[in-house]
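> Starting off with a structure, shown below.
The values are calculated or read from the model by the stated rules, or taken from the named source; none is laboratory data. Just so it is clear, the model here is predicted, and its values are computed rather than measured. Don't worry about glycine lacking a Cβ; one is built from the backbone with ideal geometry, like all the others, and counts go over all protein chains shown.
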Amino acid sequence: MKIAMVGTGYVGLVSGACFADFGHQVVCVDKDAGKIEALKRGKIPIYETDLDKLVETNAAAGRLTFTTELAGAVADADAVFIAVGTPSRRGDGHADLSYVYAAAKEIGAALKKFTVVVTKSTVPVGTGDEVERLIRETNPDADFAVASNPEFLREGAAIQDFRHPDRIVVGTEDDRAKRVMGEVYRPLYLNQAPILYTARRTAELIKYAANAFLATKITFINEIADLSERVGANVQEVARGIGLDNRIGTKFLHAGAGYGGSCFPKDTRALFKTALDHDVQLKIVEATLTANDNRKRAMARKVANVLGGELRGKTIGVLGLTFKPDTDDMREAPSIPLINGLIDFGAKVRAYDPIGMEQARKELPEIEYCKDAYECARQADALVIVTEWRQFRALDLKRIKQEMKHPVVVDLRNIYRPDEMAAHGFTYDSIGRPR
Ligand code: UDX
C-alpha cells in the first residue's frame, strides 16, 4: 500500500514509521520545512522509546520518506491519513479543527484516483462529514471515501501499542475503503487483532468515550484514595480487590496526583462540550474534569499538611516533572499546578526529571533544576515524588536521607512501602494508604 501521512507530530510520526515497518510505502508530510529537513537527517523531534531506530531502519530501506510537498504525496497514495494537531481551543475547550480542515482542502485538491482519506487525529463526532464536504467542494470530481481510524497509543509505549493493539477501529461504510483499510492493517489482522468496522460517527465517538471512561476510572480510584486516607484503608488493596473482578479490571486503577498528558484532559473537555452542543449533559464526565483539576493543586496542600501546614521558608525537592515516565511531555502535567501551589505557599522548589527538564523550564522557569535525585534532595525539608520514573524506584535511601535537611518523603505515586520508609527513618506519606 502507498500511504501519505499528513502531520509529523506525535501520532503521525509514530503511525508513519510503524506502517513503513509493516512494509508499506509511507510519505510523511509536514508544512514545517525545518522539521522535515531534520527528519531527513534522522533527527526525531519528540522523545518516544525506540522511535529513532524505527525511523532510521525504514528510511534506510527506502520505505519511509519525508516531504513538504503534500500534492505529490497524496496523488500517489491509496490512503491519506490526517494526523495534524487538534488542540483545545482557547477560551471554550472545544477541539480546534482548523488544521484538520485546512489539510482536508489541500488533500482534496491533490486527489487523482480512488483514495481513502482517513482521520487519525482525535476529532469530534461529525468531523468526518465536514472533511468529506470540504473535499467534495474543493474537487467535485474526486473519487474518494472518508474513514475515521482513531489511535489509542500511549506515550512511551506507542510502538508497542501500535504493534499489539487491543483492537483497531475503522469507521466507514464504503466497501472499497474497508478493503483498503483491511490491507493497511493486514499484518496486525494476521496477528489476530480484531478490526471493528463501524459507521464513521460511531468510530469518532468510540475514541472519546474510551478516553473519558479511562479518565473517569482513574478519577474514581483517586477519590476512593482520599476516602481511604480518612478511614484508614489501603487504596492499593482496594484497587486490587475490586480490579480482580473481571467486569472492573485491574488496569488504570493506580491512584496518584491526577491524570495529565495530551489526551485525557483535552478529550474529556471536548467530549463534554460536544455533548452540550447536542443538549446532552454528561454529568459524570463533568465531575471527572472538575475533580481532576482540583486534585492537582490539592497535592500542594497535601505536602503542606505533612510539614505541619507551613511552607514559608521551606525547600521542597520534586522528583519527576513529566505527566508520566518515559516521555518528555509536560502537557497538563500534575507537577505544574503542584509546584505553582508550593511556590504560592512560600516554598522554594528544586526539581529533577530524567528527560523532561528542558520542556519543564518553559512551564516552570522560576524553580531550580538539579542534575540528579540526590542533588534535588540536598538540604530539602521534604522530597515529593510526582512521576514514577524507574530510577526513582530504586533510590539509595540512606544517601537521600543524609542529603536532606529533614527526612520527609511525600510519594504521590505509591512507589515505596510505608514500612520500608519508616525503617529507613523517614516521615513518609503517600496516596490513600495509612501513614
Ligand atoms: C492516553 C490513552 O491511554 C491512549 O489510549 C490515548 O490514545 C491517549 O491518551 P497517554 O496520555 O499517553 O495515553 O498516557 P496514559 O498512560 O494513558 O496515562 C494518562 C495519565 O493518566 C497519566 O497522567 C497517568 O499518570 C495517569 N494514570 C494512568 C493514573 O493516574 N493512573 C492510572 O492507573 C493510569
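> Just checking, which of VAL125, VAL117, VAL169 is away from the ligand (no atom under 15 Å from the Cβ) and modelled with pLDDT of 95 or more? Write out each step before concluding.
Numbers: VAL125 fails: modelled with pLDDT of 95 or more; VAL169 fails: away from the ligand (no atom under 15 Å from the Cβ).
VAL117 is the lone residue from the list that is away from the ligand (no atom under 15 Å from the Cβ) and modelled with pLDDT of 95 or more.
> What are the residues in the range 305-323 that are among the aliphatic types (A, V, I, L, M) and under 29 Å from the mean Cα position of the chain (by Cα), if any? Can you show your working first?
Quick first cut of the range 305-323, residues among the aliphatic types (A, V, I, L, M) only: 306-307, 311, 316, 318-319, 321.
Matches in the range 305-323: ILE316, VAL318, LEU319, LEU321.
> With respect to the numbered conditions (1) within 12 Å of the ligand (Cβ to nearest atom); (2) under 22 Å from ARG89 (Cα atoms), which one is the sole condition not fulfilled by ARG269?
It is condition (1) that ARG269 fails.
> Can you pull out every residue in the range 87-109 that is of a type outside the set (D, E, K, R), touching a helix residue (DSSP H, G or I) at 6+ places or on another chain (Cβ under 7 Å) and free of Cβ contacts under 8 Å to residues at least 60 places away in the same chain?
LEU97, VAL100, TYR101, ALA104, GLY108, ALA109
> Please go through the range 379-417 and pick out each residue that is in contact (Cβ under 8 Å) with a residue 24 or more places away in the chain and either in contact with a Cys (Cβ under 8 Å, 6 or more places away or on another chain) or among the acidic types (Asp, Glu) (or both).
Matches in the range 379-417: ASP381, LEU383, GLU388, GLU403, ASP411.
> Restricting to the range 135-157, what's the tally of residues that are in a loop (DSSP other than H, G, I, E, B), within 21 Å of VAL180 (Cβ to Cβ) and within 16 Å of the ligand (Cβ to nearest atom)? Steps first, please.
First, pick out the residues of the range 135-157 that are in a loop (DSSP other than H, G, I, E, B): 139-143, 149-157.
From the residues that got through so far, the ones that are within 21 Å of VAL180 (Cβ to Cβ) too are 139, 141-143, 149-152.
From the residues that got through so far, the ones that are within 16 Å of the ligand (Cβ to nearest atom) too are 149-152.
Adding up the residues that qualify gives 4.
> Which of the following residues is within 16 Å of ARG433 (Cβ to Cβ), more than 16 Å from the ligand (Cβ to nearest atom) and out of contact with any helix residue (DSSP H, G or I) (no Cβ under 7 Å at 6 or more places or on another chain): GLY232, GLY241?
GLY232
> So which helices (runs of 4 or more DSSP H) stay within the range 206-315 end to end and still have 1 or more residues that are closer than 28 Å to GLY171 by Cβ?
Output list reads 264-277, 283-306.
> Now a separate question. Failed condition for GLU173, given (1) closer than 21 Å to VAL74 by Cα; (2) charged (D, E, K, R); (3) assigned to a loop (DSSP other than H, G, I, E, B), with all others met?
Every condition holds for GLU173 apart from (1).
> For the range 273-303, which residues satisfy the criterion of being away from the ligand (no atom under 16 Å from the Cβ), of a type in the set (A, V, I, L, M, F, W, C) and surrounded by fewer than 21 Cβ atoms within 10 Å (Cβ to Cβ)?
Scanning the range 273-303 gives ALA275, LEU276, VAL280, LEU282, ILE284, ALA287.
> Residues that are surrounded by 15 or more Cβ atoms within 10 Å (Cβ to Cβ), among the acidic types (Asp, Glu) and farther than 22 Å from GLY156 by Cβ: does the range 57-75 have at least one?
The answer is no, given that none of the residues of the range 57-75 is surrounded by 15 or more Cβ atoms within 10 Å (Cβ to Cβ), among the acidic types (Asp, Glu) and farther than 22 Å from GLY156 by Cβ.
> Please specify each residue of the range 23-56 satisfying the condition of being touching a residue at least 60 places away in the same chain (Cβ under 8 Å) and buried (at least 17 other Cβ atoms within 10 Å of the Cβ).
Correct list: HIS24, TYR47, GLU48, LEU51, LEU54.
> Further, regarding this structure: Taking the condition of being more than 10 Å from the ligand (Cβ to nearest atom) and either basic (Lys, Arg) or buried (at least 22 other Cβ atoms within 10 Å of the Cβ) (or both), how many residues in the range 244-266 meet it?
1
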